[in-house]
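Step one of this worksheet: look at the structure below.
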Amino acid sequence: MKKGLIIKLAIVLIVLVLSYCVFWFFKAGQSEKQINKFIADNSAYISSGEIAVSGFPINQKIVVNDLKITLPVNLIAKRQIQIKQLEAKSSIFSNKFIINLTDSVKVQEVESSGEVYDIEFANQPEIALTIADGIISELTYSDNGFKVVDADKNIINSATATNITTSTSIGEADAKTSKVQISFKDLEGYTLIDFFKNVLEKKVIEGIKTEEIKVVSADSSLSTPAPSGELINPAIVDPNQPNVANLPTTAGSPSAVAVPVSNGHGQATVPTYARSSQPEPIVPATQPAVPVVANDPNLQPQNVNHQGNLANANNPNDSLAQNQFAPDAISDTSIIKSNVVVDFTITTTPSIQSQPTEPSDPAQIQELPVQFVQNIKIDSLEFSNPIYKINISGNALVSSDDNYPSGGITIKVEKIANLLSQLKNQFKQLAESKKSNSIPSGTELSVEQSQSMNLGNYEIFLNNISLKIVDVANEIAMKNSVTKDEIAQFDVRREKNLEFLVNEVPVREIVGKF
């Protein structure tokens, strides 16, 4: 009797052990399968080497080698993140994995130099993901600071804190909704000129090559006065000083007016960016001009408030002077640290293209490619620093039968004059970096010479932007009734398969102004 009971207990125990083993391998296998599926579904952006599963009997541990992630959007940079090895660990009874980076993390430039940089973290980032309903339903990432450095330890980019949260769910008709929240604190080494280079530069160069963008050398005679009621107010000069209209424009910049400002130790020039429609007589020799030096303790940074009065940055009672930078600081991007907050939702809905006629073979219906329509709702995309602040919100629709997104977004810029001043300098610097050898006229051009000539035209186009961006931005901003004082608003919209409009002005017309 006892012997039979022992045999039955042994059989039950063996069944339980075998059942648990089957459960463990099934659960670990499903986790590995979902990770492989996620990588396969996003193969355009993600690839990996060997994936190994271990941890029996209590845990499940998935080790991923040579993981490469190419950023799906180029807003920050055209780069690929290379993770030599990471380890995802979880209890066998849980769907939440804690991820540790167990080897080096690098980043490589994708389209330019191909240079590889090291990523140094202040401490180990906290990463977790949850697998549910056959998908990676949640992903969280946070760190207390990182640096992207080159071989000589020069900082390329850095931030003092990063947080990323995504949540994904599957709804009706297999619609997948992903909520994404991203924030960088004190992001260094990125400004709007980087956005231009990452997102728009290639399109502009192609447009110049195809002559969709006509390039004409800038000439001061082509300049037009800023419209009345202009956004960027000229400084109101001391009555004892010469009138702004009687001062020459700064060399190489017909839209910059040098306004002399008394600093108690002589005269200094503070550039403002309202175009003067008056002639440009010679300045009397009695009015010397001493440039402002940001690091000179004897020169106090001065700014123009929205009433047109000069504001002292050292006056704690002048709220408009708070966090204002001297002109050198505006142009020097190496000292600017920005905060970035992104909050958006992507809803992806699959749709099968309908056949014009009923197929003779029903199986052909399954062979039709599945198309996707993405609706991107931007709750907030904020880029801010002590110089200026940009906030973007709106909706965009991406469909397979349209090359560009449609919908509408609103771009609100605070302290617009500072932003335009910075862009003016940066486009000038970019133009200088693109200088190429000229091609003799009347020469039959080879492919290489043609490309060089296009690059020369691109350099001219960049220089034109530098010269005219203040006037053009001012003109377009003033077409929006919300624009006032130092705040400008740009409403961008596009109907499907039609042209983009900015404050109801076609982008083609705006580009033509340069």
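With R₀ set to 45 Å, the beta-carbon distance separating Val149 from Thr348 gives a calculated FRET efficiency near 0.80.
Here the convex hull built on the C-alpha positions of the stretch 20-170 has a volume of 117 cubic angstrom per residue.
The length gained by stretching the chain between Lys8 and Leu397 to full extension, at 0.36 nm per residue less their Cα-Cα distance, is 133.6 nm.
Note on Thr410 and Glu120: the extension gain reaches 100.8 nm, defined as 0.36 nm multiplied by sequence separation minus the Cα-Cα distance. A DSSP coil position with no more than 16 other Cβ atoms inside 10 Å describes the following chymotrypsin sites (Phe, Trp or Tyr not before Pro) in the stretch 35-125: Tyr45, Phe93. What the Cβ-Cβ distance of Phe23 and Thr160 gives, at R0 = 35 Å and to the nearest 0.05, is a FRET efficiency of 0.20. Take every pair of alpha-carbon atoms less than 8 Å apart whose residues are at least six positions apart; their mean separation over the length of the stretch 20-170 yields a relative contact order of 15 percent. Remark: for residue pairs Lys78/Lys412; Lys176/Lys415; Lys84/Lys434; Lys377/Lys428; Lys153/Lys203; Lys106/Lys185, the C-alpha separation exceeds 31 Å in Lys176/Lys415; Lys84/Lys434; Lys377/Lys428; Lys153/Lys203. Dipole magnitude for the stretch 28-170: computed about the Cα centre from +1 point charges on Lys and Arg Cβ and -1 point charges on Asp and Glu Cβ, it is near 280 debye. As a calculated quantity, the FRET efficiency between Phe500 and Ala132 at R0 = 35 Å, using C-beta atoms, amounts to about 0.35.
Laboratory data are not the source of any read-out in this text; all were calculated from the coordinates shown. Quick caveat: nothing in here was measured; it's all calculated off a predicted structure. Reconstructed Cβ throughout: ideal geometry from the backbone, glycine too, with neighbour counts over all protein chains shown.
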